[in-house]
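First the structure, in the form of structure tokens, and then the observations on it.
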Amino acid sequence: MRQSNTLYQFDWLSVVIYFALVILGFINIYAATYDEEVSNSLFSITQNSGKQLIWIGVCTLIIIGILIVDFRFYDSVAAYFGYGLFIFLLLAVLVFGRVVGGAQSWFEIGPFRFQPSEFAKFATLLALSKYLGSSLRDLSKLKHQIISVAIIGTPAALILLQPDAGSAMVFLALLFTLYREGFTPIPFYLGFAAIFLLVVTLLGYKLAVIIATIVIGLLLIGLYIKSIKKMVLILICAVSSIAYVLSIDFIIEEALQPHQQKRVRAIFDPNFDPKGINYNVIQSKIAIGSGGFSGKGFLNGTQTKFNFVPEQTTDFIFCTIGEEYGWVGSMVIVILFSTLFIRLINLAERQKSKFARIYGYGVSLILFFHFTVNIAMTIGLFPVIGIPLPFISYGGSSLIAFTILLFIFLKLDAHRMQLFER
Amino acid sequence: MYRERRFTIFVLIVLVSVTFSFRLFYIQIVDDEYKTEAENNIILTETEYAYRGLLYDRNDKLLVYNNPVFDLMVVPREVKGLDTLKFCQTLEITKEDFEAKLKKAWNYAYGAKPSTFMEMIPEELFAKVQDQLINFPGFFARSRTVRKYPHTSLANSLGYVGEINRRLLNRDTTNYYRQGDYIGISGVESEYEEQLRGTRGVRVKMRNNKGVVKGAFRDGAYDTLSVPGLDLKLTIDLALQQYAEKLMEGKVGSLVAIEPSTGEILALVSAPSYDPNLLSGRDFGTNFQALQQDSLKPIFNRPFMAMYPPGSMFKTVQSLISLQEGVVHPYERIYSDGTLIGDLAPNGYYDVKKAIKNSSNNYYYKVFKRVINRKEDPNQFIDTRIGLEKWKKYVNNFALGEVLDCDLPNVKKGYVPSLERYDRMYGKNRWKYSNIGSLSIGQGELLVTPLQMANLGAILANKGHYFTPHIVKSIGESGQPLEKYRTPNYVGIDSAHFPIVIDGMELVIMEGSGTRAFVPGLGVCGKTSTVQNPHGEDHSGFMGFAPKDNPQIAIAVYVENAGWGGRAAASIAGLVIEKYVSGEITRPWIEEFALKGEFIY
């Protein structure tokens, strides 16, 4: 009785988008490596597409499992145990892990491989939701702020040690859930200001930025001439902005690894090192750009299937979509994703429990962060960082992790009337 | 609490999505550069070289064909685990050579794309390599053809084919050729390049990032088939050519034989010659350099490019002009002794026939004066100018001092002196007949090529006209030479004036200086020349045709430094005429004399 009730309460729009993305991913994984001479079937197990199909099957079983497990389980101490387990695994992987692509991020047990960092996002989010879900927590208190940031920061720091900067960055997404829950917005403003100044400076407008800062600073001081306090604040902001802009080159040199510096430079100078660091991005843009309005058609892409684009089934899977389905196809993906993100936030907002709301926001923001970084990277708006496009990129760990992440929230949402604030 | 903060996040999501839409719109729809670059990435244009036309002689004997050779290509990045020692042994190269070649290949496209490792490996060696190729990863073969010559004849006139150089590439206004293409560089190969080369085909293929071919681009929509070049049938009679070459062996000079009724060149000898196979294939460079440095200049195509004074053969032209001008009656007897100009002919009375037979220098000195000084002007300087101008027009009509528009490159026009030439030498109006008198006997400033003299033989045989000599009888299936070789050129002398000159030429052979060219029953007519050579022994020259009635062959022979025209040149010409007209040699002693080559005694 309750089972059918749950199904009825399910948010079917999200489910439909989920399966649409998963199936599009499967088709494009097949197309990305399609070889006319070998002519494997869509379901051949030796191909990435065939393997992805198995993972899709596994995910379907996991979804059924999530539906069967009682919703209260997720909002229990199990969340902390899960978090603890993954902190442990992240420590263990630094010792026993296998190095793939320069990062020690994989466990290998017999024929199976899995990447704990993919699941750590979910575990962290669950623990964060559990911690903040209690009515005792108040994000205006420093203690609770520190603990929240520590929950997010610990796994991120461990992942950074692998080193896998891409996966670690994803945890930034969780900070926005704190923002929604009342965390002081100043760090966010400062962050955006810093990013804005960085981008404008690296685009070559350093002098303009400095002059603009001085002019705006003077105008504001003139506006608030009556309040000494505000004038001092404006002065501090302006001076520190200018100091920051002037020290950007130094910061980049000191704070980033040489390969990361190159990636950052590559974004701002498309002609920089076209055979080396910029090769991937150039080829990726060529693949997507050559798709035109409606693309070359299924299996008619050339850039991805002839290996000009690297990692064409995983991090650069969007290239195949752009090439074979053009702007229309790309827009379908963008619209499906944005609809899902907004839908998830709306679902989160309708939750009766704080736990479910925080969790819902986390799901939406983690997915959104992956989507943004991944697609921005393929179209040359962001440095190359190896993180997958949710539901679409090839890979069992990431697909399963994203599926669990999403469906636990849909399960919680289906039971929102039963899940009250505690 | 803080519910309104969700809008910040909505804005963020919408902002990112809108940014992506615009960015995608820009790179996918606005900017076309990516489409071009995508095609550049995958397109691999493979040229299908057209099969070059073959050359045959007039009797359909093969002269030039295409021989397959192989270029060994390498993709250095794919060279792994190679047994270098075995590889070098198979290819017959040294280890140092191997390393140098491989290093060069690495320099191209980071070693990721194929480049030529070894060029033009002959079939015999390649057969050995081919079996082993599977053991040499990263190496593969590409076949193409080079010219091959079953006979060693006619090297200079056939010409050779070679890689196009920068100069030719710049001159190619049609933009047909590309760097590395092969092109006819001299001889028939160059002159008929357009007909021989055919049309190159193209196959547009797709390749992956490693350069491996992945099928046709757009299902071959941009592919074109190659069209083979046209075969050419030459006018050359191979058997005659080979015989003439044999006679000219060991000598320096030229022999040109023409069929008077058509202008077809039957034999064309430039001595010394070389084996045309030397200039085909991978040893081209060294062989060409060796030939170029040879002091006897074997790659200098003498029949067209060497210029000599015509000497006494020119007296036939002088007689025709004087008869046409009416300054001499055919049977008018003019007393000639050795007073005006050096002479070997005895003193006495000479008419046209006898003057030709005995090659009387003084007769022609007098007759030429009549042609030049017609008392058109009381001032003898001016009178000489008028006369020379008029005479020059006649001579030019014989295709002397003018380019004979033969179908071979670099045909020289010889030299017939102009008024300006003498003005420069002596000053304007400062020269008169005595200054130009040596022209009367074919000496002085006059220069001709052996081809022009053979053509003179044809003019005499045809009694007043010639067909421009040419070497290609038929192009492709047309069965026709080029249009310009099918119309007669008239020299402006009435045919009535010819018989008496021809009679004189017959006498030269029967009882004059040319008896070594006498073949019983053939009616050979000719004229010998002993061409004065300030640098050494005189050149031996002969011009003539046969048979007298219904001429089949006109011929000119020059043998350098061989002395009297009656010896070397007349012997060789007589033998070639006999070989062509009757097919066999009845005077073996003459053949022996010619082959032995000791003409000066």
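The values are calculated or read from the model by the stated rules, or taken from the named source; none is laboratory data. Since we're looking at a predicted model, the values are computed, not measured. When we count neighbours, we look across all protein chains shown, and the Cβ atoms used for this are built from the backbone with ideal geometry, even at glycine. The protein model used for the area step is the full one, side chains on, heavy atoms only, and it has no ligands, DNA or RNA in it. Shrake-Rupley method; radii C 1.70, N 1.55, O 1.52, S 1.80 Å.
Observations on the structure shown:
- Here the label points at residue B:65 and residue A:136, each 7 Å from Cα along the C-beta direction, are separated by 10.1 nm in the simple model.
- Cα gyration tensor shape for region A:124-205, rounded if a/c is under 1.5, else prolate or oblate: oblate
- On Cα atoms only, tilt of B:450-462 relative to the major axis of chain B in degrees: 60 degrees
- To the nearest ten degrees, helix B:33-42 and the longest principal axis of the Cα atoms of chain B are 80 degrees apart.
- Once the partner protein chains are put back, region A:309-332 shows a loss of at least 40 square angstrom of accessible area, versus the chain by itself, at A:327 (probe 1.4 Å, ligands and nucleic acids excluded).
- Accessible surface, per residue, of region A:185-255 when the full set of protein chains is kept, probe 1.4 Å, Å²: 72 Å²
- Taking amide H as placed 1.01 Å from N in the peptide plane, the amide H of residue B:161 sits under 5 Å from that of B:185, each at least 5 places away or on another chain.
- Helix runs (DSSP H) in chain A reaching 20 Å along axis by Cα, Kyte-Doolittle at least -0.5: A:12-32, A:48-68, A:78-96, A:116-133, A:142-160, A:186-202, A:206-223, A:228-246, A:317-349, A:354-378, A:396-414
- The phi-based Karplus calculation (6.51 cos²θ - 1.76 cosθ + 1.60; θ = phi - 60°) puts the 3J(HN,Hα) values of region B:61-78 at 8, 5, 10, 9, 9, 9, 10, x, 10, 10, 9, 8, 9, 9, 10, x, 5, 9 Hz, whole numbers, x for Gly and Pro.
- Average Cα contact separation per residue, region A:185-255, under 8 Å, 6 or more apart, as relative contact order %: 34 percent
- Interface burial in region B:4-19, defined as at least 40 Å² less accessible area with all protein chains than with the chain alone at a 1.4 Å probe, covers B:5, B:6, B:9, B:10, B:12, B:13, B:16, B:17.
- Between the listed residues B:157, B:195, B:56, the Cα displaced farthest toward the positive end of the dipole of region B:48-234, a dipole computed from Cβ unit charges relative to the Cα centre, is found at B:195.
- Per residue, the accessible area of region B:48-234 comes to 53 Å², computed with a 1.4 Å probe over protein heavy atoms only.
- Region A:185-255: Cα Rg divided by the 2.2 N^0.38 Å rule of thumb: 1.18
- Mean projection of the Cα convex hull over all viewing directions, computed for the protein assembly as shown: 62.6 nm².
- Highest average packing first - A:221-232, B:19-30, Cβ atoms within 10 Å: B:19-30, A:221-232
- Only protein atoms count toward the accessible area here, which uses a 1.4 Å probe; on the protein assembly as shown, the carbon and sulfur part of that area reaches 59 percent.
- Chain B and chain A together bury an accessible surface of about 3700 square angstrom, both sides counted, with a 1.4 Å probe and no ligands or nucleic acids included.
- Distant-in-sequence amide H partners of residue B:52 (H built 1.01 Å from N, under 5 Å): B:229
- Residue-normalised accessible area of region B:285-416, expressed per residue, 1.4 Å probe, Å²: 44 Å²
- For residue B:473, residues with placed amide H under 5 Å, excluding near neighbours: B:233, B:234, B:235
- Residue-averaged 222 nm ellipticity for the protein assembly as shown, from DSSP H runs of 4+ at -39500 (n - 2.57), nearest 500: -15500 deg cm²/dmol
- Chain B: angle of helix B:568-581 to the longest principal axis, Cα-based, in degrees nearest 10: 70 degrees
- Shape category assigned to chain A from the gyration tensor of Cα positions, a/c cut at 1.5: oblate
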